[in-house]
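The values are calculated or read from the model by the stated rules, or taken from the named source; none is laboratory data. These numbers were taken from a predicted model, which means no experiment stands behind them. Cβ coordinates were reconstructed from backbone atoms using ideal geometry, including for glycine residues, and neighbour counts include every protein chain displayed. Heads up: the accessible areas ignore ligands, DNA and RNA and are worked out on the full protein's heavy atoms, side chains in. Shrake-Rupley method; radii C 1.70, N 1.55, O 1.52, S 1.80 Å.
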Amino acid sequence: MGNHYENTIIIQNQNTWIEGAAVVQLRHTATLNGMRRVAGMPDLQPGRGYPVGAAFFSTGVFYPALIGGDIGCGMGLWQTGLCARRTPPAKLVKQLGSIDAPEAGDVPATIGGGNHFAELQCPDQIYRAELLPPDWHGKHLLLLVHSGSRGLGGQILREHVERFGHQGLAENSPEAADYLAKHDHALDFARRNRAAIAARMLARWRSEGTCLLDLPHNFLQRAEYAGETGWLHRKGASPANRGLTVLPGSRGDYSYLLMPAENTGFALDSLAHGAGRKWQRGECKGRLSRKYPADSFRKTALGSVVVCADKALLYEEAPQAYKSVADTVAALEQAGLATAVARLKPVLTYKTAGACHD
Ligand SMILES: Nc1nc2c(ncn2[C@@H]2O[C@H](COP(=O)(O)O)[C@@H](O)[C@H]2O)c(=O)[nH]1
Ligand SMILES: [Mn+2]
C-alpha cells in the first residue's frame, strides 16, 4: 500500500518501519525546484542530507547530490557451475583466498568497503518457476555482487559540490552535459567492475558463470512520467522496468529474486534495493558487542560463512542492523509492484580477507 503526501508516495504496509528522519528528508526533496514526484521504497532510510531507498522525478533540472557519490552502485547476479551440495563453504573460502588487492586493468575487480559484498547463494524456495531466467540451474550456487564505482563516483560528486553546492543543473546547460558524461562513465565503470569481480571469483573456484542480471540502483536517466519528459534519479532504488531484479536482505537473511509488475509508474518504475537499514552504522557495536564477540559473526544463523577481517565492519553490517527482508518483499507485493520468484539462502559472504582493524 502507498502512503501519499502531495507529490510524494511511500511504498509501505502495516509492518513497514521507516525512520522518521528519512521521511523528513524525502519530503524535503519533494520541495526542490522542478521536482514533480518522489517515491520512497519500504527500505527508505536517512542518508547524508538526502534519503536512500527512493526515486525522484524532476523536469528541466536534475540534482547530482540526489544520486550521491557511489554512482552506478548496483547488484549483479551470476549463475555459477558450483554444485550446491558438493562444495562445502570452507573449501570455497580456501580456494578464494583474498580479492582485496586491485588487479591490473581498467577496473580494479575489488569490492570496496561499507556494505559492498560478494555472496554465494543457494536457491532455497521457488515460488514462480515459469518466471525463472533461461540460464537458471536450481542445483548450482548463484553469485551476487554488490559494488559501485569505487572512488570514481565520489570524485565526480566532490567536484560538482565544490562548484555548485547542492544546486541542480539546468538541462541542456554545458555543466549538465559535463556531469552526464562523467556519470555515464562511472555507471559503466561500476558495471564492468562487478563483472570483473565475478570473473575473478569464478576463476578461483574454477567455475563457469553466466550473468543473469545486472542492475544499478544509484543513477540518473531521462524518463517520462505523467506525460512529461524529465530526469529520473534513483538513490538506492532498483529499476522495475528491466526484468528480473534481486532484493538482498543481509548476510544473515535471505535474498529474493523478484519479477516487477507491469504497471509500476506510480512508484517511478522503482523497487526497494535491499531490506533496508534498521540501525545506523555508528550504533551497531554499542548495541551488540556486550552480547556478541566479533568472531561470533563469522557464522550466521542460516549456517553461512562470513569472510570479514575487519572487526568494525562485522558489527556495522551485522544482520541485526537490517530490517526483515521478508517484510520488505511483502510491502512491494502488497503494493502490486512485484512478485517473488525465488528465495536465495546465503552460503558464503565475502567482505574483506585483509588486515584486521579493531
Ligand atoms: N545478501 C546480503 N545483503 C546485504 C549484505 N549487506 C547489506 N545487504 C543488503 O544490501 C543492501 C545494499 O544497500 P546499499 O544502500 O549499500 O546499496 C542493504 O540495504 C541490505 O539490505 C550482505 O552481506 N549480504
Ligand atoms: Mn549499493
### Query
What is the residue count in the range 158-186 for residues that are within 16 Å of ligand 2 (Cβ to nearest atom) and open to solvent by 40 Å² or more (accessible area, probe 1.4 Å)?
0
### Message
Quick test of your reading of the structure: Thr80 fulfils all but one of (1) at pLDDT 95 or above; (2) more than 16 Å from ligand 2 (Cβ to nearest atom); (3) in a loop (DSSP other than H, G, I, E, B). Name the failing condition by number.
### Response
(3)
#### Entry: Count of the range 28-77 residues which are part of a strand (DSSP E or B), within 16 Å of ligand 1 (Cβ to nearest atom) and open to solvent by 20 Å² or more (accessible area, probe 1.4 Å)
2
## Note on the structure
Scanning the range 187-202 residue by residue, those open to solvent by 30 Å² or more (accessible area, probe 1.4 Å) and either assigned to a loop (DSSP other than H, G, I, E, B) or of a type in the set (A, V, I, L, M) (or both) turn out to be Leu187, Ala195, Ala199
### Message
Conditions first: (1) free of Cβ contacts under 8 Å to residues at least 60 places away in the same chain; (2) out of contact with any strand residue (DSSP E or B) (no Cβ under 8 Å at 6 or more places or on another chain). Gln334 passes all but one, so which condition is the exception?
### Response
(1)
### Task
Name every residue in the range 106-125 that is surrounded by 16 or more Cβ atoms within 10 Å (Cβ to Cβ) and part of a strand (DSSP E or B), in order of residue number.
Phe117, Ala118, Glu119, Leu120, Gln121, Cys122, Pro123
### Query
Is it fair to say Ile111 is closer than 30 Å to Tyr225 by Cα and either within 16 Å of ligand 1 (Cβ to nearest atom) or out of contact with any Phe, Trp or Tyr (no Cβ under 7 Å at 6 or more places or on another chain) (or both)?
no
### Query
Restricting attention to the range 316-323, does a residue exist that is outside any strand (DSSP E or B), more than 15 Å from ligand 1 (Cβ to nearest atom) and either open to solvent by less than 10 Å² (accessible area, probe 1.4 Å) or out of contact with any helix residue (DSSP H, G or I) (no Cβ under 6 Å at 6 or more places or on another chain) (or both)?
no
### Task
Being within 14 Å of ligand 2 (Cβ to nearest atom), polar (S, T, N, Q) and either assigned to a loop (DSSP other than H, G, I, E, B) or on the phi > 0 side of the Ramachandran plot (or both) is the filter here, so list the residues in the range 221-260 that pass it.
Ser250
## Note on the structure
Of the residues in the range 262-306, those that are among the acidic types (Asp, Glu) and either touching a residue at least 60 places away in the same chain (Cβ under 8 Å) or part of a helix (DSSP H, G or I) (or both) come to Asp269, Glu283, Asp295
### Query
Which residues, taken from the range 126-155, are assigned to a loop (DSSP other than H, G, I, E, B) and of a type in the set (S, T, N, Q)?
Ser149
#### Entry: Unique match (being modelled with pLDDT of 95 or more, touching a strand residue (DSSP E or B) at 6+ places or on another chain (Cβ under 6 Å) and open to solvent by less than 20 Å² (accessible area, probe 1.4 Å)) among Leu92, Leu96
Leu92
### Message
Among the residues of the range 203-219, what is the count of those that are touching a Phe, Trp or Tyr at 6+ places or on another chain (Cβ under 7 Å) and either away from ligand 1 (no atom under 16 Å from the Cβ) or open to solvent by 40 Å² or more (accessible area, probe 1.4 Å) (or both)?
### Response
3
### Query
Can you tell me how many residues in the range 280-295 are among the basic types (Lys, Arg) and within 25 Å of the chain's Cα centre (by Cα)?
3
## Note on the structure
Taking the range 340-358 and keeping only residues that are more than 12 Å from ligand 1 (Cβ to nearest atom) and surrounded by 17 or more Cβ atoms within 10 Å (Cβ to Cβ), one is left with Ala340, Val341, Ala342
### Query
If Pro248 satisfies every condition in (1) within 16 Å of ligand 1 (Cβ to nearest atom); (2) of a type outside the set (Val, Ile, Thr); (3) surrounded by fewer than 24 Cβ atoms within 10 Å (Cβ to Cβ) but one, which is the exception?
(3)
### Query
Based on what the data block shows, is Gly336 over 26 Å from Ile9 (Cβ atoms) and part of a loop (DSSP other than H, G, I, E, B)?
no
### Query
For the range 139-157, which residues satisfy the criterion of being more than 16 Å from ligand 2 (Cβ to nearest atom) and within 24 Å of Ala203 (Cβ to Cβ)?
Lys139, His140, Leu141, Leu142, Leu143
